[in-house]
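A short write-up of the structure that comes next.
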Amino acid sequence: MSPYLRKVKTRSGATAVQIVEKRHGQRVIVEHLGSAHTDAELAALMRAGHDKLHAGQPALALGIDPHGAPVGAVAVVAGTRSKLLTDAIRASWGRLGFTVIDDEAFFQLVAARLVEPTSKRDSIRVINQLGMH
């Protein structure tokens, strides 16, 4: 089976990110990428793992980057919680041409429902968790 990313809770409460594959029904750890203590660190580790898994694989020429960042950009863990995620969604939003809809509340609702598909009422909670208020 081809390698995939695995997230595992550690004893310290961190989340370990690993590249694993199954061989003869057994899970084999190919590489340990690191441990994350925040959502931002986890997002950066997941992106790094995705990049390793898909290195050398050409992207479908849609004119957008699947990560929402310029090609060759390095993920940096910042102090703001979920900033990497919201920046990626905002970049994709712009690349798809939705900036003609000049309504920040609509963007926040769409972003919240992309992150966690839920009711419109519960989207307020997700918007607050993402720090987009």
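Coordinate-derived values only; no laboratory data. For clarity, every value in this text was computed on a predicted model and none was experimentally measured. In this analysis, Cβ positions are derived from the backbone assuming ideal geometry, glycine residues included, and neighbour counts consider all displayed protein chains.
Were the residues from ASP103 through TYR4 laid out at 0.36 nm apart, the gain over their Cα-Cα distance would be 31.9 nm.
What nm distance separates the two modelled labels at SER119 and LYS22, each placed 7 Å from Cα along Cα→Cβ? Distance between label points: 3.7 nm.
What percentage of all Cα-Cα pairs in the stretch 1-56 are separated by more than 12 Å? Roughly 64 percent, rounded to a whole number.
As a rough guide to protection, the peptides 92-101, 105-114, 16-25 ranked by mean Cβ packing within 10 Å, highest first, stand as 105-114, 16-25, 92-101.
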